[in-house]
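Below: one structure, written as structure tokens.
The values are calculated or read from the model by the stated rules, or taken from the named source; none is laboratory data. Source: prediction; values computed, not measured. Ideal geometry is used to build each Cβ from the backbone, glycine not excepted, and the neighbour counts take in all protein chains shown.
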């Protein structure tokens, strides 16, 4: 049995196809490329129960991943993140069956590890020696560390305002790290130039076809963790949108395999009010988004004014009868605190946005009574220390805590 | 079939036994209490293969945990952390079969989540409404968050020098948080007083019997992940020592169940040169340690001058023919960087200390050629940003990266 059932690459815009043995970035037409698998072949030899004895990482789905030889797998044990019942806050927002897929519980502390693990593994398989990418922080950190593990050199460019800890992660991995006094789009231009000047592999979002395959595993895991039953709604914090595109792709593949049945979950793209190009496009029923000028939000990971894969995000929303919704920063911070005090989970602002979205969509009746809802938290709160205000009394040795000092 | 096969509590010093339906802290004789299970009963009804369909969390071993009713389980999906091959750095130190058990991939980013999950769950089962504890940071963060999930109030006291991010975690959980301008021993005295004054549940290290049961699951997981075969050596960064005591207890229980065979792995207690009471006691072949004055190390989590369970740590070392070894801070930081650049794993200083220890013990011949060695990393590097020095060039939008700016 083959390790991967990858068949070929194809362009979702112009339908051109490409071989998988060579390096490819974008399609000649400028669109991102997607991976196709031989699902008819796989269907005959693999059943869900065959996964039981496999390790609890995303590599348990290796037939549905693009890496053809097991020895090229570069893994730090990523994936099979917990799907956690959020009953208390669920009750608070009248959603009885509310779950959180917690992507903070993964190497580097964010869901970016999935794309990096699969993307770097495939880059290794293709003989890549050096890659480059712009980042809002977390993706760069993940790619730099996985690249180090694969013995691939990396060049990472991030805005000076990106989360500080992600600088440390890049630096300690031995990456070429640069800050830019601007936005991720400015970082992108610098990367474009360095890729050309030094003939590097361009690992920018959707400019190589494999990161999305890593992100796809969130969808595979949700299906397996739900016992191969579909939830009704999945809410996803959407910047570049690779995750929501990936989840949609995963669920379609599982349908074709016959592992899941029934209607697809309604996919919800959650954005910040200060950067909501997908929401605007969806409201106007458009197929692509426009550049969002002067974007700004504390949820740094979803500060993406124009995503290369916007048309794929919108397709995923339209095809599943989902929606798109924008949340303000103040509500995000309030919900983040509520989730910690009610559920004990310290999550990232992007993740908190999905809970605010769930709350609003339930209030409006878009989420119906009794529906099963999954909110994606894309990263650990510990990567975002500045979201918490701390005022703590300092005692001296021998002091005692008096009654009025307690809650 | 029962959810837990817990039988009773017993004192490892005076052998007094206690019922499990009541709250207990220390034994009347002052020793920590340990949990006993009905392993003969369990043996008849549970086999390793029965675990296959269970979720990838530490609760897959619920029969070997003290929580008697499933509804009292307070979980954020902790456990089944990856066991990762460390081939490159393994080769670098001439240990071909080197693995890392990565406890950074867990809620709150450190192994303290295990003790907190099981400890808080049992506290909930026992009807606890408020708990208190001193901490070097990470344990307090974990207990505060799990307590929030259990709707238990918490009071946490930590040194002002404890990792800053752990303050944020306690604060956002809604805990009563206090800093003390001193050491964890000073925090401990303040907690002792507040426990008395307000009749709180004392969750200090080993002052309640259940945290160790949570930590024990590291040993259960290692055994399962190794296919129920014992490794030769396990290295553990040792402060309070609950983890090493727990791993030892787990392996004994698995032997009694007949799930593992052969010699127990040699357990190695790794300490910092600036705080090495266990190492000193072991070198002097003593059964207990002495208070280590003026302790100091960057590996904050193992800055514990005198552990309540020192005699149990030393017993685990002696009984398994293990050893104890102290590492200097400079070597820890160097190894930490090496692990990131060679393996792509950004780990904590305490974890890095175990790799230095492995390197030294291999050099001395104590670890033999071909032996299988597991190093425990107790936390994610992202919780310790100050271990990395970052000097990064700042570019302006439109700048290009020149050749001399690259590695």
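Of (1) touching a helix residue (DSSP H, G or I) at 6+ places or on another chain (Cβ under 9 Å); (2) surrounded by fewer than 24 Cβ atoms within 10 Å (Cβ to Cβ); (3) more than 21 Å from residue A:127 (Cβ to Cβ), residue A:197 satisfies all except one. Which?
(3)
Just give me the residues in segment B:1-42 being over 25 Å from residue B:306 (Cβ atoms) and assigned to a loop (DSSP other than H, G, I, E, B), in sequence order.
Of everything in segment B:1-42, those that are over 25 Å from residue B:306 (Cβ atoms) and assigned to a loop (DSSP other than H, G, I, E, B) turn out to be B:1, B:2, B:3, B:4, B:5, B:19, B:20, B:21, B:22, B:23, B:38.
Could you tell me whether segment B:58-73 includes any residue that is within 9 Å of chain A (Cβ to nearest Cβ), crowded, with 24+ Cβ neighbours inside 10 Å and in contact (Cβ under 8 Å) with a residue 60 or more places away in the chain?
no
Which number in (1) more than 10 Å from chain B (Cβ to nearest Cβ); (2) within 18 Å of the chain's Cα centre (by Cα) marks the one condition that residue A:161 misses?
(2)
So which of B:80, B:133 is within 14 Å of another protein chain (Cβ to nearest Cβ), within 15 Å of the chain's Cα centre (by Cα), crowded, with 24+ Cβ neighbours inside 10 Å and at pLDDT 95 or above?
On inspection, the qualifying residue turns out to be B:80.
Can you pull out every residue in segment A:164-180 that is at the interface with another protein chain (Cβ under 7 Å from one of its Cβ atoms) and touching a residue at least 60 places away in the same chain (Cβ under 8 Å)?
A:165, A:169
Going by the conditions given, is residue B:249 buried (at least 24 other Cβ atoms within 10 Å of the Cβ) and part of a helix (DSSP H, G or I)?
no
Evaluate segment A:101-119: report whether one residue or more is more than 24 Å from residue B:77 (Cβ to Cβ) and either at the interface with another protein chain (Cβ under 10 Å from one of its Cβ atoms) or modelled with pLDDT of 95 or more (or both).
Yes: one or more hits.
With out of contact with any helix residue (DSSP H, G or I) (no Cβ under 9 Å at 6 or more places or on another chain) and surrounded by fewer than 24 Cβ atoms within 10 Å (Cβ to Cβ) as the only criterion, which of B:92, B:50 stands out?
B:50
Is it true that residue B:219 is under 22 Å from residue B:106 (Cα atoms) and either crowded, with 24+ Cβ neighbours inside 10 Å or more than 9 Å from chain A (Cβ to nearest Cβ) (or both)?
So residue B:219 passes the test.
Do we have any residue at all in segment A:304-319 that's in contact with a strand residue (DSSP E or B) (Cβ under 7 Å, 6 or more places away or on another chain), crowded, with 20+ Cβ neighbours inside 10 Å, modelled with pLDDT of 95 or more and within 14 Å of chain B (Cβ to nearest Cβ)?
no
For segment A:386-401, give me the residue count where each residue is assigned to a helix (DSSP H, G or I) and surrounded by fewer than 20 Cβ atoms within 10 Å (Cβ to Cβ).
Number satisfying all stated conditions: 1.
Looking at segment A:325-375 only, could you name the residues that are buried (at least 20 other Cβ atoms within 10 Å of the Cβ), within 14 Å of residue A:299 (Cα to Cα) and within 14 Å of chain B (Cβ to nearest Cβ)?
A:332, A:335, A:336, A:347, A:348, A:349, A:351, A:352 - these are the residues of segment A:325-375 that are buried (at least 20 other Cβ atoms within 10 Å of the Cβ), within 14 Å of residue A:299 (Cα to Cα) and within 14 Å of chain B (Cβ to nearest Cβ).
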